[in-house]
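The values are calculated or read from the model by the stated rules, or taken from the named source; none is laboratory data. Please read these numbers as outputs of a predicted model, since none were measured by experiment. Here the Cβ positions follow ideal geometry from the backbone for every residue, glycine too, while neighbour counts run over all protein chains shown. The protein model used for the area step is the full one, side chains on, heavy atoms only, and it has no ligands, DNA or RNA in it. Shrake-Rupley method; radii C 1.70, N 1.55, O 1.52, S 1.80 Å.
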Amino acid sequence: DWYRKLTGDADMIAAAGNSLLIAVVSAALATVLGTLAALALHRYRIRGLAFLVFTPVAMPEILLGVSLLVFFIQVLHLTLGLVSVIAAHVTFSIGFVAVVVRARLAGMDESIFEAARDLGASEWTSFRLVTLPLILPSVVAGALMAFTLSLDDFVITFFTAGVGTSTLPLQIFTMIKVAVTPEVNAVSTLLMLVTLAVIVLASCVAPDALRAGR
């Protein structure tokens, strides 16, 4: 009965739609940027890049949330909403994608890329036909990880969502402030099942990359 009641809860449906939209968009952007960062870290050793990429991963969430809130409002003069939440989620997800992809790159034989260059492949051709197919499982695993982190995030979303923007974690928090009803239990169970399913899928896609990332 409580699962059926969820389908008629307009606020919950809207929050779920926002969560999925934010998770999909932020995961896509973080995957592209994180993969590029991993390639740059592996090949070019750019000074300071590792600090920029991995600092959001190491920072406490509450500190990162407050910092992003101040940055969006005082520096960018951005109105808080879906855009600010997506930007915040991309910021902390890039590092996780980069860790997974970089671990895959570290375990690859460099002679493969040298052979591609010896055979006349350009940088783009070498990346498209050699590098990308080899790192694709780790890229997919990183995308799934970014999706999961975004879907479940509460602290950073709380600081960057603004008035009128709600996600599933924020909606659950709002509901439990009044009373813990079976509806809260139902939506929490569904959210947990989705998260576990994505984690299992990621571990099946690239188990070696995820173990190396730890």
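Taking residues in the stretch 32-61 that are without any contact (Cβ under 8 Å) to a residue 40 or more places away in the chain, and partners anywhere that are among the hydroxyl-bearing types (Ser, Thr, Tyr) and crowded, with 16+ Cβ neighbours inside 10 Å, the pairs with Cβ atoms closer than 8 Å and at least 6 places apart or on different chains are Pro56/Thr91; Met59/Ser67. Taking the listed residues Leu64, Leu41, Leu6, Leu29, the one that is open to solvent by 70 Å² or more (accessible area, probe 1.4 Å) and part of a helix (DSSP H, G or I) is Leu29, with no other qualifying.
Close Cβ contacts (under 6 Å, 6 or more residues apart or on different chains) running from residues in the stretch 181-204 that are assigned to a helix (DSSP H, G or I) to residues that are among the acidic types (Asp, Glu) comprise Thr195/Asp152.
Which of the residues spanning the stretch 149-179 are polar (S, T, N, Q) and either free of Cβ contacts under 8 Å to residues at least 60 places away in the same chain or open to solvent by 50 Å² or more (accessible area, probe 1.4 Å) (or both)? Please lay out each step first, then the result.
Narrowing the stretch 149-179 to residues polar (S, T, N, Q): 150, 157, 160, 165-167, 171, 174.
Within the stretch 149-179, just Thr174 meets the criteria.
Just for the stretch 44-61: of the residues that are of a type in the set (Gly, Ala, Ser) and assigned to a helix (DSSP H, G or I), which one is farthest from Phe96 (Cα to Cα)? Outline the logic, then answer.
Step one: of the stretch 44-61, the residues of a type in the set (Gly, Ala, Ser) are 48, 50, 58.
Add one more test, that the residue is assigned to a helix (DSSP H, G or I), and what stays is 50, 58.
Details: Ala50: 12, Ala58: 10 Å.
This residue is Ala50.
For the stretch 17-24, the condition holds for no residue, the condition being that it is farther than 30 Å from Val184 by Cα, assigned to a helix (DSSP H, G or I) and without any contact (Cβ under 8 Å) to a residue 24 or more places away in the chain.
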